[in-house]
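**Student:** First, the structure itself, so that you have it in front of you.
The values are calculated or read from the model by the stated rules, or taken from the named source; none is laboratory data. As the structure is a prediction and not an experimental result, all values here were calculated from the model. Please note: Cβ atoms are built from the backbone with ideal geometry, for glycine as well, and neighbour counts cover all protein chains shown. Side chains are part of the model used for accessible areas, which takes the heavy atoms of the whole protein and leaves out ligands, DNA and RNA. Shrake-Rupley method; radii C 1.70, N 1.55, O 1.52, S 1.80 Å.
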Amino acid sequence: MCRLFGLHAGHPVTATFWLLDAPDSLSEQSRRNPDGTGLGVFEADGQPVVLKQPIAAWEDTAFATEARELTGRTFVAHVRYATTGPAAAKNTHPFLQDGRIFAHNGMVDDLDILDARIAEFGVADLVLGDTDSERVFALITAAVRRNGGDIGAGIVDTVEWLADSVHISAVNILLATATDLWALRYPETHELYLLDRTAERSEGFALRSKRINARSDHLATAASVLIATERMDDQPWDPIGSGELVHVRPDLTVDRHTVLTRSPAKPLTAPD
């Protein structure tokens, strides 16, 4: 299963993010699931930067990406276990469209139906790779355009259509702009968590999981909100509910609303 990590800070911070080696037990699984690692960030001037590369974990059980030092207020990191599309830079998350950064955890099938919908909305030029994820992003981008730039409405419209029209295992997403961060968990297949660090700051910032490490001494005194596919330390991570849309605003106010209560019409069982 892919891993997501998002961070939104109240002002530009310097953060070092790196995506580290998978556990030893991953090697056999990764022989059939090519990997990719990527990081997207909005720098202090609001410009998006996306750094990513395809990695096959089975080639080296201790593989690691080079640590990156970037300054910004919004970060999105992703570790990919491919289900659609080979290991290639064009298929590696996160993706960039209309100045927004996007990453996805889950699987959406019926690509022919997705492609027909994308063609109907005239956004086929946004899809540069082979993944279901980039196609979902293109549909969200088209929906945002149709909704006059309302990103939340674009996400909801798209996921409602997906829930009714195609086979899906999960549409867990992170979508970031230079000032805001959105997250959606749907349905309950895979977990997604939120950590609000706006009220209390720890003495340091060092999150570690089996597949994602994120560290920044500079965040020790900076307010921040984090979203991840797993609890990354012993702080009080709060589960995001199925069908819940989270919006972290520029002032780090967190809006949470359940926007989809029904189950997918065509549930898809995918490997963990």
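**Student:** Please give me the summed charge of the neighbours of GLU191: other residues whose Cβ is under 10 Å from its Cβ, Lys and Arg +1, Asp and Glu -1.
**Tutor:** Every neighbour counted, the sum reads 0.
**Student:** Highest mean first, what order results for 234-245, 129-140 on Cβ atoms within 10 Å?
**Tutor:** 129-140, 234-245
**Student:** Which whole-Hz couplings ³J(HN,Hα) result when phi for each residue of the stretch 122-134 is put into the Karplus expression 6.51 cos²θ - 1.76 cosθ + 1.60, θ = phi - 60°, listed in order with x for Gly and Pro?
**Tutor:** Result, rounded to whole Hz: x, 10, 4, 5, 7, 9, 9, x, 10, 7, 5, 4, 5.
**Student:** Here is a follow-up. Using a 1.4 angstrom probe with every protein chain in place, what is the largest-first accessible-area order of HIS257, HIS8?
**Tutor:** I get HIS257, HIS8, largest accessible area first.
**Student:** With Cβ to Cβ distances under 12 Å as the rule, what net charge do the other residues near ASP180 carry (K, R +1; D, E -1)?
**Tutor:** 0
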